[in-house]
């Protein structure tokens with residue numbers, strides 16, 4: 001147990017020190033994790049052999065990431081992608097595999113080995129690329145979307161590759177290994193489809209996917225609603241984890257890629273009201289696991305092999321990246337990806353990826369590669385991943401600015417999603433706000449922590465999501481980063497104040513408009529930095545007061561003016577009352593001095609409203625006042 | 001000797017997003033030295049005009065401009081409300097009501113009818129100058145120099161006929177002349193509109 005604590009501490013410590021540093025230097029978090037890995041691994045030797053085991057575990061971060069990506073993709077959007085997915089992605093994998101195999105063959109490898117190398121190097125790193133896109137806000141650009149299509153196709157392509165590799169086994173290696181040396185993966189595999197005839201296996205796979213889609217569509221809602229009604233946040237987190245892990249398990253059982261399975265599940269749930277809460281729950285796990293994965297890549301770099309074959313490894317890695325980049329550039333031209341997007345597409349996918357590691361291990365187990373070569377190649381994969389953040393920096397610092405000048409003005413490729421208005425709390429108050437906005441075609445994202453409320457609203461076609469809007473992760477997935485405005489109309493007063501503080505601190509660009517419960521709450525919200533505060537019943541009470549005046553015989557127009565003047569007078573006292581309240585210290589109450597002030601203002605207010613309309617020096621408030629009776633004499 | 005004049009533009013258009021002429025005039029008047037631009041409908045969406053503030057604005061400027069589309073031979077309603085409330089007894093007229101004395105007053109307006117319709121023989125029967133007489137008399141009673149209006153006729157089709165650009169350019173020149181205190185004394189006070197004199201105002205300056 002102690003050993004585990006120490007290990008965990010070392011990993012966390014490296015990440016905590018290096019990642020913020022790398023980000024501050026503009027290198028991106030991925031490079032930070034990689035460097036952290038190098039430091040605790042090959043440089044200082046703090047961690048050692050276990051990195052490979054941890055890496056397998058950390059690869060689950062990729063699975064979670066694809067689930068999150070799926071959540072962002074409506075099924076319709078996925079359908080629109082089909083040409084790019086199979087055209088661009090298919091051609092990329094096929095061409096890259098062919099060219100690399102040919103080169104490997106020319107470098108003197110056997111054809112079986114050459115094909116295996118071609119396949120594993122055709123893949124790119126979903127983890128690095130998507131993580132970096134997210135971090136730098138490139139996901140919604142044309143280049144980002146194209147790159148994603150290719151990554152998704154690669155993910156699908158891994159499955160037939162895994163099936164193909166055993167067929168490429170080298171007779172010499174097989175014979176040398178004897179019958180005892182089965183790959184570790186091979187022994188551990190539990191499979192539903194092993195030993196079934198092909199048609200039955202295909203049927204099981206098909207049924208699993210159909211079952212996944214149908215269950216995702218029909219069963220997930222009652223399940224999540226049941227959990228949500230309990231009001232326990234950790235229960236919901238557990239449910240979210242259960243979903244992702246369960247799907248990953250099912251997919252592994254039928255021999256499909258877990259990443260692909262969770263991606264599909266994500267797409268199925270993309271329209272669900274629980275989408276944002278699911279994202280918020282899975283996101284931290286994904287982030288940690290991916291970080292851990294990058295650290296293990298860095299830690300896995302073997303300096304002995306690297307220094308012994310330095311020129312070979314560096315040469316192969318750079319050569320590989322140039323080759324992949326050339327092919328990608330050509331494909332980008334063919335598929336009409338333009339300008340800076342073409343460069344993004346080219347540079348982002350030029351590395352070899354984490355699936356390369358998986359295939360390498362598997363290939364060794366299946367006697368397709370010998371150990372020495374596999375180690376050398378895994379250094380090439382690692383180095384190419386290591387160089388990728390540098391390419392992103394190249395894109396960001398040199399290429400993008402150049403095109404931005406040419407395009408002059410904001411990039412059109414990123415404006416397809418207008419910054420929405422987020423409404424937290426969709427009770428009686430939030431609903432009116434939302435309806436007004438929706439009726440005027442202003443996009444809103446509505447959040448409420450009552451699943452039943454969200455359900456009701458969804459039935460009348462109000463797009464709302466379940467979740468606790470007080471959580472910063474949920475606000476994040478609801479799009480606070482791109483939002484213009486946040487309307488807070490939640491019942492929990494303390495929470496509302498905390499939300500204002502958090503959002504004004506973390507997202508100063510977002511204007512925060514809040515409903516206050518009463519006067520004290522109003523002051524607290526002002527104090528917290530809210531941009532606009534409205535007392536929840538003030539206007540309806542005022543309306544009622546005006547109605548009373550009218551029914552007492554006061555002319556409706558005059559009643560209206562009295563109301564307006566009353567409000568203005570109130571506003572004019574606000575600052576002073578607010579300061580008095582604030583000076584009471586933090587015991588947040590209305591002490592004697594405040595009460596005195598309030599009484600004084602009430603008297604002033606009465607005096608102001610009572611003044612004769614003829615008196616033109618009646619303070620700040622007045623409407624139309626007639627001139628004196630005899631004024632015409634002066635003018636004549 | 002002309003000195004810098006401070007110009008206050010009171011702009012009134014109730015549906016700016018549909019405006020084809022006045023919005024351009026509004027934009028052309030923004031961000032200029034010695035020009036204060038007040039979009040009345042924006043500032044007082046509930047018509048609750050702050051009398052004190054408006055009176056102070058008047059005191060702070062030398063030239064008062066009403067900029068508006070002509071509605072039923074008069075200003076849009078908020079400009080009328082503004083007059084009713086702001087031009088108070090004791091401020092703009094009557095005892096001690098001398099706050100506006102010596103200032104200049106100008107209407108910048110767009111009118112739907114063609115110029116020839118604003119004529120005794122036209123369907124509007126009166127010239128634009130005659131129709132604006134309530135404002136002219138207001139200026140007179142409050143001691144302001146009334147300038148002939150700066151008008152664009154046939155405003156509904158001005159954009160299609162490509163007349164807006166010229167008009168806006170001319171307005172810029174007139175605004176220059178106003179801020180520079182360059183209103184020539186020989187501008188005939190009874191001119192129907194100020195439009196034909198804008199170019200000559202500028203020539204004199206050059």
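Side notes on the structure shown:
- Criterion: away from chain A (no Cβ under 14 Å) and free of Cβ contacts under 8 Å to residues at least 24 places away in the same chain - qualifying residue of B:116, B:103: B:116
- Of the numbered criteria (1) surrounded by fewer than 17 Cβ atoms within 10 Å (Cβ to Cβ); (2) within 14 Å of chain A (Cβ to nearest Cβ); (3) in contact (Cβ under 8 Å) with a residue 60 or more places away in the chain, the one residue B:14 fails is (2).
Yes or no, residue by residue, for (1) part of a loop (DSSP other than H, G, I, E, B); (2) more than 35 Å from the chain's Cα centre (by Cα); (3) surrounded by 24 or more Cβ atoms within 10 Å (Cβ to Cβ):
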position: A:336; (1), (2), (3): yes, no, no
position: A:342; (1), (2), (3): no, no, no
position: A:355; (1), (2), (3): no, no, yes
position: A:362; (1), (2), (3): no, no, no
position: A:369; (1), (2), (3): yes, yes, yes
position: A:372; (1), (2), (3): no, yes, no
position: A:376; (1), (2), (3): no, yes, no
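- Only one of B:136, B:88, B:54 that is under 29 Å from residue B:181 (Cβ atoms) and without any contact (Cβ under 8 Å) to a residue 12 or more places away in the chain: B:136
- Test: residue in segment B:177-191 that is surrounded by fewer than 19 Cβ atoms within 10 Å (Cβ to Cβ), free of Cβ contacts under 8 Å to residues at least 40 places away in the same chain and in a helix (DSSP H, G or I): no
- Of the candidates A:634, A:603, the single residue that is in a helix (DSSP H, G or I), at pLDDT 70 or above and within 14 Å of chain B (Cβ to nearest Cβ) is A:634.
- Some residue of segment A:497-504 being at pLDDT below 90 and surrounded by 18 or more Cβ atoms within 10 Å (Cβ to Cβ): no
Residues are listed down the side, and each one gets a yes or a no for (1) under 19 Å from the mean Cα position of the chain (by Cα); (2) closer than 30 Å to residue A:132 by Cβ:
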{"residue": "A:207", "(1), (2)": "no, no"}
{"residue": "A:236", "(1), (2)": "yes, yes"}
{"residue": "A:281", "(1), (2)": "yes, yes"}
{"residue": "A:303", "(1), (2)": "no, yes"}
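- The set of residues in segment B:72-91 being facing chain A (nearest Cβ under 9 Å) and under 14 Å from the mean Cα position of the chain (by Cα) is empty.
- Considering residues of segment A:144-168 that are modelled with pLDDT of 75 or more and surrounded by fewer than 18 Cβ atoms within 10 Å (Cβ to Cβ) only, the residue farthest from the chain's Cα centre (by Cα): A:167
- Scanning segment B:84-104 for residues that are closer than 21 Å to residue B:50 by Cα and touching a strand residue (DSSP E or B) at 6+ places or on another chain (Cβ under 8 Å) returns B:87, B:97, B:100.
- Failed condition for residue B:94, given (1) within 14 Å of chain A (Cβ to nearest Cβ); (2) in contact with a helix residue (DSSP H, G or I) (Cβ under 7 Å, 6 or more places away or on another chain); (3) within 27 Å of residue A:571 (Cβ to Cβ): (3)
- Of the helices (runs of 4 or more DSSP H) contained entirely in segment A:392-473, those carrying at least 1 residues that are modelled with pLDDT of 80 or more fall at A:428-439, A:451-459.
- Boolean, residue A:96 is closer than 30 Å to residue A:164 by Cβ and touching a helix residue (DSSP H, G or I) at 6+ places or on another chain (Cβ under 9 Å): yes
- Filter result for residue A:477 (more than 27 Å from residue A:594 (Cα to Cα) and either assigned by TED's automatic domain parsing to the domain that holds residue A:446 or under 22 Å from the mean Cα position of the chain (by Cα) (or both)): yes
- Selection count, segment A:218-250, where residues are touching a residue at least 24 places away in the same chain (Cβ under 8 Å), surrounded by 14 or more Cβ atoms within 10 Å (Cβ to Cβ) and over 17 Å from residue A:286 (Cβ atoms): 7
- Odd one out for residue B:121, checked against (1) buried (at least 17 other Cβ atoms within 10 Å of the Cβ); (2) away from every other protein chain (no Cβ under 14 Å); (3) without any contact (Cβ under 8 Å) to a residue 12 or more places away in the chain: (1)
- Pick from segment B:19-52, criterion out of contact with any helix residue (DSSP H, G or I) (no Cβ under 9 Å at 6 or more places or on another chain) and over 19 Å from residue B:69 (Cβ atoms), ranking: farthest from the other protein chains (Cβ to nearest Cβ): B:31
- Boolean, residue A:66 is crowded, with 16+ Cβ neighbours inside 10 Å, farther than 26 Å from residue A:247 by Cα and either touching a residue at least 12 places away in the same chain (Cβ under 8 Å) or in contact with a strand residue (DSSP E or B) (Cβ under 9 Å, 6 or more places away or on another chain) (or both): no
- Matching residues, segment A:517-560, being over 43 Å from the mean Cα position of the chain (by Cα) and assigned to a loop (DSSP other than H, G, I, E, B): A:552, A:553, A:554, A:555
- Residues within segment A:430-461 that are surrounded by fewer than 18 Cβ atoms within 10 Å (Cβ to Cβ) and farther than 23 Å from residue A:281 by Cα, tallied: 13
The values are calculated or read from the model by the stated rules, or taken from the named source; none is laboratory data. Predicted model only: the values in this text are computed from it and were never measured. Positions of Cβ are backbone-derived with ideal geometry, glycine not excepted, and every protein chain shown enters the neighbour counts.
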